[in-house]
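Chemist: Just passing along the structure, written as structure tokens.
Quick note: the coordinates plus some simple rules give every number you see, no bench work behind them. Just so it is clear, the model here is predicted, and its values are computed rather than measured. Ideal geometry is used to build each Cβ from the backbone, glycine not excepted, and the neighbour counts take in all protein chains shown.
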Amino acid sequence: MLRGGSIGLRGRIRTRGREPIQVGPKATSKKGEQMLDRYSRFAPLTGAAWAVLAVVAIVVGPGETPEGDSRPFKVVHFYSSHTSEIETAGILFTIAFLAFLLFSGSLRAHLRRTPAVEPLATLALGAVVLMGGAAGIGGGIEFGLAHNIDHVTPQVAQAVNLVSREVFLPVVVGGVIFGLCNGLAILRGALLPRWLGWVAIVMAITFAVPPAIFVGFILLLAWSLVVAVLMFLRPGGAEPSVVPVGA
């Protein structure tokens, strides 16, 4: 005799007292959906991880690499003197851009709740893919040059350094697209404060002006951090304002 419950003939439903508990494929599927929802709840925080990791990479890094027209021996001296810093910063930036990609996917899901801005949200995600790919290639080149600086000639080091600097151009283009698309999406009614839309547009403009690119990158990190926190605290977006009848 079973106490406090009974088991159905096919083992699909188990009861305890008066409350039926489902077991089997349906219950497993429901449990998986609940776990996915729990992970999605914390997905926006990858934006905070991206901002923190990028700041740490900037701090521990050696600073700006030599200009493309720098003398070969200056390039060799720079990479041989800052090998560990370049390698550490390269690893951190790789992880940071991975977090940025995950955050951008979460941001797209948040923005596309407003159907009118879905194309802009998708284009912004594509811009992050472009930025991440270019940053990964450029960082990998710098990492490889620093790691093997004792095994290449000064002329080769100069050429590789030049390539590593120029390959970051898609990061600038992606920053412009990312800022413009997200800014316009927010201004068109996406579930985020409008001032973040204007900041995103300013960020895009700074990316387009070469002397201000670093300022644009800092704006991007700050903007991502604020948006990540807002998305986490208000997963459903801003509550619509309700006007009392007869007001």
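Chemist: By the scheme Lys and Arg +1, Asp and Glu -1, what is the net charge of all other residues having a beta-carbon under 15 Å from that of Leu92?
Modeler: Working: positive: none; negative: Glu85, Glu87, Glu142.
Summing Lys and Arg as +1 and Asp and Glu as -1 gives -3.
Chemist: Then there is this: Work out from phi, with θ = phi - 60° and the Karplus expression 6.51 cos²θ - 1.76 cosθ + 1.60, the ³J(HN,Hα) of each residue of region 201-207, listed in order in whole Hz, and give x for Gly and Pro.
Modeler: 5, 4, 4, 4, 5, 5, 5
Chemist: Just subtract the alpha-carbon distance of Val56 and Glu87 from 0.36 nm times their residue separation and send over the number in nm, one decimal. Don't skip to the end; give the middle numbers.
Modeler: Working: separation 31, 0.36 × 31 = 11.16 nm, distance 1.32 nm.
Full extension of this stretch gives 9.8 nm more.
Chemist: Which one of Gly61, Ile137, Trp50 is farthest out on the positive end of the charge dipole of region 47-233, using unit charges on Cβ (Lys, Arg +1; Asp, Glu -1) and the Cα centre as origin?
Modeler: The listed residue farthest towards the positive side: Trp50.
Chemist: If I model a spin label as a point 7 Å beyond the Cα along the Cα-Cβ vector, how far apart are those points for Val215 and Asn148 in nm?
Modeler: Using points 7 Å along Cα→Cβ, the separation is 3.9 nm.
Chemist: Suppose the Debye formula is applied to equal point scatterers at every Cα of region 47-233; what is log10 I(q)/I(0) at q = 0.10, 0.11, 0.18 Å⁻¹?
Modeler: These q points yield log10 I(q)/I(0) values of -0.42, -0.50, -1.10.
Chemist: Between the alpha-carbon centers of region 137-168 and region 49-119, tell me the distance in whole angstrom.
Modeler: 16 Å
Chemist: Here is a further query. So what is the relative contact order of region 47-233, in percent, for Cα pairs below 8 Å that sit 6 or more residues apart? Walk me through the numbers before you get to the answer.
Modeler: Values: 266 pairs, mean separation 48.7, N = 187.
Dividing the mean separation by the residue count of region 47-233 yields 26 percent.
Chemist: Give the residue list of trypsin sites (Lys or Arg not before Pro) in region 34-140 that are DSSP loop and have at most 11 other beta-carbon atoms within 10 angstrom.
Modeler: none
Chemist: Next question. Size of the dipole of region 71-211 about the Cα centre, Lys and Arg at +1 and Asp and Glu at -1 on the beta carbon, nothing else charged, in debye to 20?
Modeler: 560 debye
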